[in-house]
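Have a look at the structure below before the remarks.
Computed from the coordinates by the stated procedures, all read-outs in this text should not be read as laboratory data. Not measured: the values here are computed from a predicted model. Positions of Cβ are generated from backbone atoms using ideal geometry, with glycine treated the same way; all protein chains shown enter the neighbour counts.
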Amino acid sequence: MAGHQPEERTSPRAGEAEVTTPRRGDLFSPACPTRKLLDRVGSKWVAMVVAVLSAEDEVRFAELRRRMPGVSQKMLSQTLKGLVADGLVSRRVEDCVPPAVHYRLTDLGHSLAQPLGLLREWAESHMAEIDDHRDRVGQPAHVTR
């Protein structure tokens with residue numbers, strides 16, 4: 001597969017290094033591209049950042065935080081750092097006092113907006129049904145903070 005590099009992992013045998021290659025479709029493998037992506041972008045905060053930035057050209061940190069109810073400054077900062085490190089978001093610092101920090105989706109980030117939007121649509125169509133099933137079995141719905 002083009003673009004996929006082997007990864008070095010520690011083997012369960014005496015700490016020996018072993019090389020693994022991404023295994024498409026095998027969510028049980030730590031090298032699975034889907035699993036790795038979900039580990040990085042599977043949080044509600046990532047989905048919210050991508051949703052806000054996909055609707056705007058560029059957004060300042062403070063404005064982004066205002067548009068994401070419940071997110072702390074620390075959590076938003078950590079989320080943005082991860083997205084910048086993954087190449088999904090770009091960061092620009094405006095030279096003023098105090099410095100203004102602007103964020104925007106990269107082309108790669110824009111390509112993630114569509115599948116996250118489809119997931120949101122699926123959730124909007126099916127969460128009531130999922131919650132009904134939980135009610136029937138006496139399992140409370142997962143509460144988010």
Filtering the stretch 98-135 down to residues that are surrounded by 12 or more Cβ atoms within 10 Å (Cβ to Cβ) and among the charged types (D, E, K, R), which residue is nearest to VAL52 (Cα to Cα)?
ARG104
For the stretch 43-51, does any single residue satisfy the condition of being in contact (Cβ under 8 Å) with a residue 60 or more places away in the chain, farther than 16 Å from ALA100 by Cβ and out of contact with any helix residue (DSSP H, G or I) (no Cβ under 9 Å at 6 or more places or on another chain)?
yes
